[in-house]
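Since every read-out is calculated from the coordinates, none of them should be taken as a lab result. Please read all numbers here as calculations on a predicted model, not as lab measurements. Here the Cβ positions follow ideal geometry from the backbone for every residue, glycine too, while neighbour counts run over all protein chains shown.
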Amino acid sequence: MNKGIKYLLITASVALVAYNSVYVKKLSDVKAKEEKAKAFDALAYAKDYLHNKLPIRKVEAVEISKLFSELKNSPRKAFANSHAQNNGDIRFFMIHGQGQVVKIDESNAYLKVAGLPSDVILATEYIIGNAARDGSGIISVDEFTTTMDMNTVSEEINKLIRAEVLPPFESKVKVGDTVDFVGSIELNQTKALPKNMEVIPLILEIK
Amino acid sequence: MKRLSIAVLLLVLLAGCSATDKQQEPKKIAIVVSTLNNPWFVFLAETAAKKAKELGYESKIFDSQNNTALESDHFENAIASGYNAILFNPTDAAGSVANVSKAKEAGVAVFCMDREVNSKDAATSQILSDSYSACIELGKLFVQSLDKKGNYVELLGIVSDNNTWNRSKGFHSVVDNYPGLKMVAQQSADFDRNKAMEVMESILQAHPDINGVFCGNDAMAMGAYQALVAAGKAEKVKVYGFDGAEDAVNSIKEGKLTATAMQFPKTIAELAATYADEFFKGKTDFPKKLPIPVEVVNTENIDKYVAYGKKD
């Protein structure tokens, strides 16, 4: 074989192997990709909570009139079954119930529930706070690398309620309808029991 | 052979004595805080030192001056000087993880106070103010006091600290639901009173028509208030802080600041020192993260509170 061709072939082979062996990437791109892969996906966590974990654990929700009665008669016992990420005065409960819609306005639906002296206020506009995250007691701070992750989960759950739970309900509900609800309520154990229980909805069904 | 056996026996006895001496050496606790240029952290550090002394331990306070490099030096010194535990108020949630891990590798337990590090495992336990939940409550009060409308300014703390964002996010998770409330400026003043005054003065030049200021701590709230007084707008603008520091509590009593959120540095510091004591006595099962409740303080309930806590 001609020597020139031989060297040319060897050089081409070495160049081919070298080209396929060495990759040049920006360090910032690699780091950004790694950070993205490591980043906590709060939306996915919130979806799993709302779509999978919560429906399984909804049997643990306490019937709302039973809770009201217990809060009135033995509050210490009632609050012993509440949840929160800290041991402060603001506590959360996961409740369920059935009621008849007596009024609807831009912020709430009002339900008459047997066994309760006043209407239940079902929030339809202001879905805020940690009630939806903490009422069930399923989520623990120890699961998260940072408290920021846990708090972002709270925001994502609230957004999902606004985006998924409320629109089908609000488009159909009318005064006189009977509604089955699972939700969370927030109560301050140092304050008097509010006249109306305010519920952040988690699962709603018009019968 | 007999001499050799005696020599070996003596060596073993000496080694045993040395180990026993080490175990019986009094334990020492290092208290590393982000800054001593803020009375809240001075109180936190001094309370931790006082509790450590009550529990029978020698302790020393190290000031990181909000500088992660200095904080790293303090950790190296503490490890080299034979401290057995570190009660730690981090400077940087991400940047401080390496220091905590270094201490862990050296067998020194770290208990975080108030601020967290971005790790589940590096610290033995993290005792943290539940800033997010408190700012939800502050946000509700802010909305109510501004009657759901108006322009407002937010002064953020140190941007690398998780408390800064937990406070901001908690506040916005409520306030952003009200379209009548418009944030005209959001700037960092690093939790610093003088800087907050300067930042606020500059913001007021561009946005003279504001109704509220939400600040990530009391020092910044006091600085912002000073700027508002200088501009003749203090009467009209509602100023919110966070911490429960002495001047903020007095200011609420005098009707200057509208509200703050009372953290409980005494609870946090004493619990951290107690955890260190329990760790020395063999306990290993601590909560990884323990959020401590924070309470909203305004003119309605100010009588229940003093600086850094509740009245006894």
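Does anyone have the angle between helix A:3-21 and the longest principal axis of chain A? Alpha-carbon axes, 0 to 90°, nearest 10? Result, in degrees: 10. Once each part is reduced to its C-alpha centroid, what is the distance from segment A:159-193 to segment B:220-247 in angstrom? Here the answer is 38 Å between Cα centres. Here residue B:27 is the anchor, and the lysines within straight C-alpha reach of less than 17 Å, apart from those fewer than 8 places off in the same chain, are B:50, B:51, B:53, B:60, B:104, B:281, B:283.
Evaluating 6.51 cos²θ - 1.76 cosθ + 1.60 at θ = phi - 60° for every residue in segment A:91-102, the Karplus couplings come out as 10, 10, 10, 9, 10, 9, x, 9, x, 9, 6, 10 Hz, glycine and proline recorded as x.
For the segment B:127-133, counting C-beta atoms of other chains within 10 Å of every residue's C-beta and taking the mean gives 5. The amide H of residue B:125, built 1.01 Å from its N in the peptide plane, has B:110, B:112 as neighbours under 5 Å, considering only residues 5 or more places off or on other chains.
What is the extension gain from residue A:66 to residue A:164, computed as 0.36 nm multiplied by their sequence separation minus the C-alpha to C-alpha distance, in nm to one decimal?
On the way: separation 98, 0.36 × 98 = 35.28 nm, distance 2.84 nm.
Full extension of this stretch gives 32.4 nm more.
Build a GNM of chain A with springs between Cα atoms under 10 Å apart, and of A:122, A:193, A:67 the one that fluctuates most is A:193.
Taking B:55, B:156, B:87 as the candidate residues, the one with maximal mean-square fluctuation in a Gaussian network model of chain B, Cα springs under 10 Å, is B:55. In summary, the protein assembly as shown shows an alpha-carbon radius of gyration equal to 1.20 times the 2.2 N^0.38 Å reference for compact globular proteins. Across the options B:188, B:62, A:73, the greatest Cα extent toward the positive end of the charge dipole of the protein assembly as shown (unit charges at beta carbon of Lys, Arg, Asp, Glu) belongs to B:62.
Take residue B:233, project a point 7 Å from its Cα along the Cβ direction, then tell me which residues of segment B:162-202 have their backbone nitrogen under 11 Å from it. Hits in segment B:162-202 for residue B:233 at 11 Å: B:184-185, B:200-202.
I need to check one value: relative contact order of segment B:55-108, counting alpha carbon pairs closer than 8 Å and at least 6 residues apart, in percent.
39 percent
Lys/Arg Cβ at +1, Asp/Glu Cβ at -1, dipole of the protein assembly as shown taken about the Cα centre: which of B:309, B:40, B:122 is farthest positive-ward? It is B:122.
Taking every C-alpha pair closer than 8 Å and separated by at least 6 residues, the mean separation divided by the residue count of chain A gives a relative contact order of 24 percent. Under the criterion of Cα pairs below 8 Å and six or more residues apart, the relative contact order for segment B:111-166 equals 32 percent.
A dipole drawn for chain A from +1 and -1 charges on Cβ atoms has a positive end, and of A:200, A:23, A:85 the residue lying farthest that way is A:23. Annotation: aspartates and glutamates with alpha-carbon distance below 13 angstrom to residue A:159 (same-chain offsets under eight excluded): A:125, B:176.
With the Kirkwood sum run over all distinct C-alpha pairs, segment A:14-113 has a hydrodynamic radius of 19.2 Å.
Excluding the site residues themselves, the longest part of chain A lacking any GluC sites (Glu not before Pro) in a DSSP loop with at most 13 other Cβ atoms within 10 Å is A:1-105. Taken residue by residue and averaged, Cβ atoms of other chains lying within 10 Å of the Cβ of A:87-94 number 3. Just checking the listed ones, B:289, B:281, B:236: in the Gaussian network model of chain B with Cα springs under 10 Å, the one fluctuating most is B:281. The phi torsions of segment B:211-224, fed into the Karplus equation with coefficients 6.51, -1.76 and 1.60 and a -60° offset, translate into couplings of 10, x, 9, 10, 10, x, 7, 6, 4, 5, 4, 5, x, 5 Hz, rounded to whole numbers, with Gly and Pro shown as x. For the peptide B:172-183, the mean number of other protein chain Cβ atoms found within 10 angstrom of a residue's Cβ is 2. Cross-link partners of residue A:25 among aspartates and glutamates, defined as those whose alpha carbon lies under 18 angstrom from its own and excluding same-chain residues fewer than eight positions apart: A:34, A:35. Qualifying GluC sites (Glu not before Pro) in segment B:198-248, where qualification requires a DSSP coil assignment and no more than 13 other C-beta atoms within 10 Å, comprise B:235.
Each of residue B:144 and residue A:15 was given a label point 7 Å from its Cα along the Cα-to-Cβ line. The distance between the two points is 7.7 nm.
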